[in-house]
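Starting off with a structure, shown below.
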Amino acid sequence: MAGRHRRRRRSTLGVLTSRHAAALSYDAVVTSGGASRWVRDAGALWRRTPNAVVVLADGTREPFTLTGSGRALWEALGDPLDEAELCHRLAERYGTDEVVVADDVRRVITDLDRRGALHHQP
Amino acid sequence: MTTALAAALAAYGLPSRRSLPDRPLSADHWERVLGEARDDRTIGLLSQAIAEGSFAATPEQAEAAYDVHAEAMGLAVVLERVMLDVVDLLNGAGIDHRVLKGSAVAHLVYPDPSLRPFGDVDLLVPAHHVDRAVATLVDAGYLRERPQLRPGFDRRFAKSVSFTSPHGLPVDLHRTLAAGRFGLTLVADDLFDSSAVLVLAGRRLAALAADERFLHACYHAALGSSVPPVLALRDIAQMLLTSDVDLTGVQRRCQAWRGQAVLARAVVLAWETLALADSVPLVVWARSYQPSASERWVLRAHTVQRSGGTQALTALAAIRGNQDKVAFLWAMVAPQRAFLGEGRARYWRWWGRGASALARSKRG
């Protein structure tokens, strides 16, 4: 139905276990070497609520919702940043280690890119 | 009726004497308030008030408010996508336009557009392009809600034409800002003299300039319904207290449009309903304004009687030239068959409503 949107599973830093963090830190290190940058696609329409961001990617009709670290990531993506910088921003915000947030950053970036909500700057 | 709490919510963040609950509401009361905030489109203000600790709520109540807010924001972005589609169509046809109401007010008046939900797409087109704009949308698959009263009525007398987009969302193409007399005395061409830039999805759109945007909010609040929507009143206060409305320019424009009674009613309603503490010169003027007997009659047609027939009667006096008066009356008396639909009974109902409106108007 128009105006309805699916609520995505919450993406919060608190649910990460140390096993997840350790396993995914390797990916984060590899990606940061590429230094490609991400920024919100200018064609995306979006709004914020106190605990979420609602996004409609360009050329789509179905909004999606980002919560937790996904919301924080979207806010940070107003500036072009690579994954390492994004990890640094989020880690700083949540008072944790960059390695711990790398999983969320990678997952949300992949998802936003798949949805066409990001612009990639090589 | 606007409840005190609904008004307090609409006034949130402004210097109002109204207060919000300092302890969580009971489950029943909360459900009513949440439903009201959804319907009044004050859910963004409710969410913000809860998040800032100004409206006491349990964690569950806060979560429910945020969910409803997210739903309203989902609708807002989908509507903005539809608006961009319509703008593309109008640009493709070379038709000038201005973005009205919801999206423009949300982005240009509020500190965060997330505070200002809306429920449809509103665009203004010049009167002489209305027929072509309507045809452009119909050709693109937009479904016109109702045929015009008679050929040529849209471009000469109508306030707006309503459509449903191919994705099922409401779109209004406006010729002017109000129905009836006030909509006809308003010089719609003035609305295209200037514009404000609305940046949306990386694109630059033309919206009404600040003064005309303010006047439109006043026309909407004062004439749109018998109980003025609290969000429309909030829009007025928000514009007067926080944005660059040129009060001299507004009053000059309003005088030329013969809309002072509308402006005065809207401003007084906003200040009284929201119980705003700060006064501004326009409020002082509005409180002292005495509408003429004729203005009172027209205002009653919009706010008390609320019948299309009575509003049409008020419009007649504002139509210039006998030929146009006759065309207008003929459209009222004998609408085309497509407008009324099949069956002779529909004609009788149409005339019956007109006769009742006339009788009520005489009594009023």
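The values are calculated or read from the model by the stated rules, or taken from the named source; none is laboratory data. None of the values given here were measured: they were computed from a predicted structure. Ideal geometry is used to build each Cβ from the backbone, glycine not excepted, and the neighbour counts take in all protein chains shown. Ligands, DNA and RNA are stripped out before the accessible areas are found, and what is left, the full protein with its side chains, is counted by its heavy atoms. Shrake-Rupley method; radii C 1.70, N 1.55, O 1.52, S 1.80 Å.
Quick one: ranking B:His302, B:His128 by accessible area, 1.4 Å probe, largest first, what do you get?
On the way: B:His302 5, B:His128 130 Å².
Ranked list, largest accessible area first: B:His128, B:His302.
Per-residue HN-Hα couplings for the range B:217-224, Karplus 6.51 cos²θ - 1.76 cosθ + 1.60 at θ = phi - 60°, whole Hz, x for Gly and Pro?
Whole-Hz 3J(HN,Hα) from phi for the range B:217-224: 4, 5, 4, 5, 5, 7, 10, x.
Let me ask something else about it. Using only the C-alpha atoms of the range B:60-161, find the volume of their convex hull and express it per residue in Å³. It would help to have the intermediate numbers written out before the result.
Working: hull volume 12.2 nm³, N = 102.
Convex hull volume per residue, Cα atoms: 119 Å³.
How much area per residue is accessible in the protein assembly as shown when the probe is 1.4 Å and only protein heavy atoms are counted (Å²)? Intermediate values should be presented prior to the final figure.
Details: 21460 Å² over 486 residues.
About 44 Å² of surface per residue is accessible.
To the nearest 10 degrees, how steep is helix B:344-363 against the longest Cα principal axis of chain B, on a 0 to 90 scale?
Rounded to the nearest ten degrees, it is 70.
Separate question: So which residue, out of B:Leu34, B:Leu25, B:Leu269, gets the largest mean-square fluctuation from a GNM of chain B using Cα contacts under 10 Å as springs?
B:Leu25
In degrees, nearest 10, range 0 to 90: what is the angle between the Cα axis of helix B:260-273 and the longest Cα principal axis of chain B?
The answer is roughly 20 degrees.
Could you give me D for the range B:4-289, from Stokes-Einstein at 4 °C and 1.567 mPa s, where the hydrodynamic radius is the Kirkwood radius over C-alpha pairs? Units µm² s⁻¹, please.
Numbers: Rh = 19.7 Å.
Diffusion coefficient, whole number: 66 µm²/s.
In addition: Short version: which residues of the range B:51-88 lose at least 50 Å² of accessible area, all chains versus chain alone, 1.4 Å probe?
B:Tyr66, B:Ala70, B:Glu71, B:Val77, B:Val78, B:Arg81
Give the ranking of B:Tyr110, B:Tyr12, A:Tyr94, B:Tyr289 by solvent-accessible surface, highest area first, calculated with a 1.4 Å probe. If you can, show how the numbers build up before the last one.
Details: B:Tyr110 10, B:Tyr12 30, A:Tyr94 90, B:Tyr289 55 Å².
Largest to smallest exposure gives the sequence A:Tyr94, B:Tyr289, B:Tyr12, B:Tyr110.
Based on the Kirkwood radius over alpha-carbon pairs, what value in µm²/s does the Stokes-Einstein equation return for the translational diffusion coefficient of the protein assembly as shown at 10 °C and 1.306 mPa s? Write out the running numbers ahead of the final one.
Numbers: Rh = 24.7 Å.
Reported coefficient: 64 µm²/s.
Along the range B:112-126, what does the Karplus equation 6.51 cos²θ - 1.76 cosθ + 1.60 (θ = phi - 60°) give for ³J(HN,Hα), rounded to whole Hz, x for Gly and Pro?
9, x, 5, 7, 10, x, 7, x, 7, 10, 10, 10, 9, 10, x
Let me ask you something else. Taking every Cα atom in the range B:195-291, find the radius of gyration and the maximum pairwise distance Dmax, and write them in Å.
Radius of gyration, then largest Cα-Cα span, for the range B:195-291: 13.5, 46 Å.
Excluding ligands and nucleic acids, what accessible area in Å² is computed for B:Trp285 using a 1.4 Å probe, to the nearest 10?
Its heavy atoms expose roughly 70 Å² to the probe.
Which residues' amide hydrogens lie under 5 Å from the amide hydrogen of A:Arg37, considering only partners 5 or more residues apart or on another chain, with H built in the peptide plane?
Here the answer is A:Gln121, since their amide H atoms fall under 5 Å of that of A:Arg37.
Turning to a different aspect of this structure: Scan around B:Ser16 for amide H atoms under 5 Å from its own, H built in the peptide plane at 1.01 Å from N, and keep only partners 5 or more places away or cross-chain.
Distant-sequence amide H within range of B:Ser16: B:Ala277.
With chain B treated as a Gaussian network of Cα nodes joined by springs under 10 Å, which of B:Gly119, B:Gly259, B:Gly180 yields the largest mean-square fluctuation?
Maximum fluctuation in the GNM of chain B, among the listed residues, is at B:Gly119.
In sequence order, what are the phi-derived ³J(HN,Hα) couplings for the range B:79-96 according to the Karplus relation 6.51 cos²θ - 1.76 cosθ + 1.60 with θ = phi - 60°, rounded to whole Hz, with x for glycine and proline?
Once θ is set to phi - 60°, the couplings for the range B:79-96 become 5, 5, 5, 4, 4, 5, 4, 5, 4, 4, 5, 5, 4, x, 8, x, 9, 5 Hz.
Please list, in chain and number order, the residues 5+ apart from A:Thr49 or on another chain whose amide H is under 5 Å from its amide H, with Hs placed from the backbone.
A:Val54
Please compute the average number of Cβ atoms from other chains found within 10 Å of each residue's Cβ in peptide A:37-48.
Values: counts 0, 0, 0, 0, 2, 4, 6, 3, 14, 7, 17, 9.
So the per-residue partner count for this stretch is 5.
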